[in-house]
Amino acid sequence: MTAAGSPPTPAAAAPSTTPPTPPTVRGESEAIVFAVSAGGLGALYGLLIGLLTEDLPMSGDVSFGTLAAAGSGVIAALAAGWGYWRSRHAPGQEWRRALAPWAFTVNTISVVIAHTVLAVLATLVIYLVLSRGFIGLGVITFWSVVLMTVTLGLTAYLVSLSVSRMTTQRMSSLLMAFIVIGTLTAMVTTPDPVWWQIHFSHLGTFWALSSAVFNGTLVAGGLLVTTFAVYIAADMRALVARRKLAYERSPRIVSTLFVLMGFMLAGVGLVPVNVNEPIHNLSASGMALVYVGLLAAGPRILRGMPTFYFLSTWAFLASTVVTVVLFATGYFGLTALEIIVFALIFGWIAVFIRFLGVTGQTE
């Protein structure tokens with residue numbers, strides 16, 4: 001066991017050397033208990049809403065959907081916090097107990113925030129879709145109870161399972177889902193239907209729920225990327241210890257750059273373009289530069305990873321360069337540039353994590 005303030009040893013930091021933990025009876029049982037408990041609370045919550053309101057719309061600023069999203073957020077926060085804290089004793093997660101208390105706390109907070117925001121956004125989207133399918137339908141007391149029971153119970157179940165076996169690959173999937181759902185939600189709820197004619201960051205400039213969703217997604221996504229860096233460092237330390245990665249300093253360098261990328265992403269959301277354009281642009285361009293730096297330095301600091309990873313890296317780098325050239329020549333506008341580079345960054349992260357998980361394996 002290492003000291004509380006020291007980094008985990010390679011032996012302790014071994015999620016990538018441990019096969020994925022299969023579902024356990026305990027994990028599934030706890031998820032069901034959470035779901036039933038949350039469903040019971042949802043029934044009471046739905047009954048209260050039904051008695052105090054009359055035929056709430058499915059979606060809107062004041063609607064059943066927003067109340068359901070608030071309830072889902074609370075349940076997700078409780079389930080994520082409790083489940084993630086307990087899962088540090090699970091096989092393959094022992095390295096988390098060697099983290100400094102502040103690092104473990106930050107990781108827990110970021111996982112809780114990510115699951116909470118994702119639950120809220122998913123609930124908002126679901127009820128937005130339902131409102132389009134049942135136009136003009138108000139939610140009476142009976143359906144308020146039923147829908148809230150299902151919504152909160154399902155939220156508790158899915159979040160409990162998600163945090164019970166958190167790995168680098170699962171964290172990557174969580175990040176991708178979080179960013180995609182948050183961004184799409186902001187797009188479809190923005191008060192300006194022609195936002196795309198200005199720029200991508202324009203989505204975060206309104207005094208509206210859509211801008212809160214957009215900026216909140218970026219801030220929470222940035223925090224999640226910093227937590228992501230801890231998992232990456234642990235995986236890479238294990239690979240260095242097994243001599244599958246040649247450069248011994250690669251875990252520290254790559255994880256530090258991911259933390260910097262996370263701070264930059266959060267900065268884009270914390271400082272919308274209409275609040276302070278220079279700081280906003282500095283954060284956005286800084287994130288892009290870190291991404292390009294990771295691509296360019298890959299052959300040296302990630303030597304030992306599969307050949308196809310490096311081929312993919314050069315493809316991402318070439319795509320980024322082509323995108324910038326097309327923008328500079330006026331082929332498309334700023335919105336397209338921002339969206340494409342944004343997609344390339346997170347696409348590369350997903351590819352990097354998948355290849356990191358199989359580095360050192362036989363063909």
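Quick check on the stretch 114-123. Is at least one of its residues part of a loop (DSSP other than H, G, I, E, B), out of contact with any strand residue (DSSP E or B) (no Cβ under 8 Å at 6 or more places or on another chain) and of a type in the set (Val, Ile, Thr)?
Within the stretch 114-123 (the criterion being part of a loop (DSSP other than H, G, I, E, B), out of contact with any strand residue (DSSP E or B) (no Cβ under 8 Å at 6 or more places or on another chain) and of a type in the set (Val, Ile, Thr)), the answer is no, since none of the residues qualifies.
Assess whether Gly182 counts as being more than 16 Å from the chain's Cα centre (by Cα), assigned to a helix (DSSP H, G or I), surrounded by 21 or more Cβ atoms within 10 Å (Cβ to Cβ) and in contact (Cβ under 8 Å) with a residue 24 or more places away in the chain.
Details: more than 16 Å from the chain's Cα centre (by Cα): no; assigned to a helix (DSSP H, G or I): yes; surrounded by 21 or more Cβ atoms within 10 Å (Cβ to Cβ): yes; in contact (Cβ under 8 Å) with a residue 24 or more places away in the chain: yes.
It is false that Gly182 is more than 16 Å from the chain's Cα centre (by Cα), assigned to a helix (DSSP H, G or I), surrounded by 21 or more Cβ atoms within 10 Å (Cβ to Cβ) and in contact (Cβ under 8 Å) with a residue 24 or more places away in the chain.
Which of the residues belonging to the stretch 159-172 are part of a helix (DSSP H, G or I) and in contact (Cβ under 8 Å) with a residue 24 or more places away in the chain? Even if it seems obvious, please write down each step before you answer.
Going residue by residue through the stretch 159-172, those that are part of a helix (DSSP H, G or I) are 159-164, 168-172.
Listed by number, the residues that qualify are Val159, Ser160, Leu161, Ser162, Val163, Ser164, Thr168, Gln169, Met171, Ser172.
Name the single residue, out of those in the stretch 237-252 being at negative phi and basic (Lys, Arg), that is surrounded by the fewest Cβ atoms within 10 Å (Cβ to Cβ).
Selected residue: Arg249.
Among the numbered criteria (1) among the aliphatic types (A, V, I, L, M); (2) within 19 Å of the chain's Cα centre (by Cα); (3) at pLDDT below 90; (4) over 22 Å from Tyr231 (Cβ atoms), which single criterion is violated by Ile353?
For Ile353, the failing item is (4).
Please state which of the following conditions Ala296 fails to meet, knowing it meets all the rest: (1) touching a residue at least 24 places away in the same chain (Cβ under 8 Å); (2) assigned to a helix (DSSP H, G or I); (3) surrounded by fewer than 16 Cβ atoms within 10 Å (Cβ to Cβ).
Here Ala296 clears every test but (1).
Of all residues in the stretch 118-140, which are of a type outside the set (A, V, I, L, M, F, W, C) and crowded, with 18+ Cβ neighbours inside 10 Å?
Filtering the stretch 118-140 down to residues of a type outside the set (A, V, I, L, M, F, W, C) leaves 123, 127, 131-133, 136, 138.
Answer for the stretch 118-140, where residues must be of a type outside the set (A, V, I, L, M, F, W, C) and crowded, with 18+ Cβ neighbours inside 10 Å: Thr123, Tyr127, Ser131.
The values are calculated or read from the model by the stated rules, or taken from the named source; none is laboratory data. On a predicted model such as this, the values are computed, not experimentally measured, just so you know. Backbone-built Cβ (ideal geometry, glycine too); neighbour counts: all protein chains shown.
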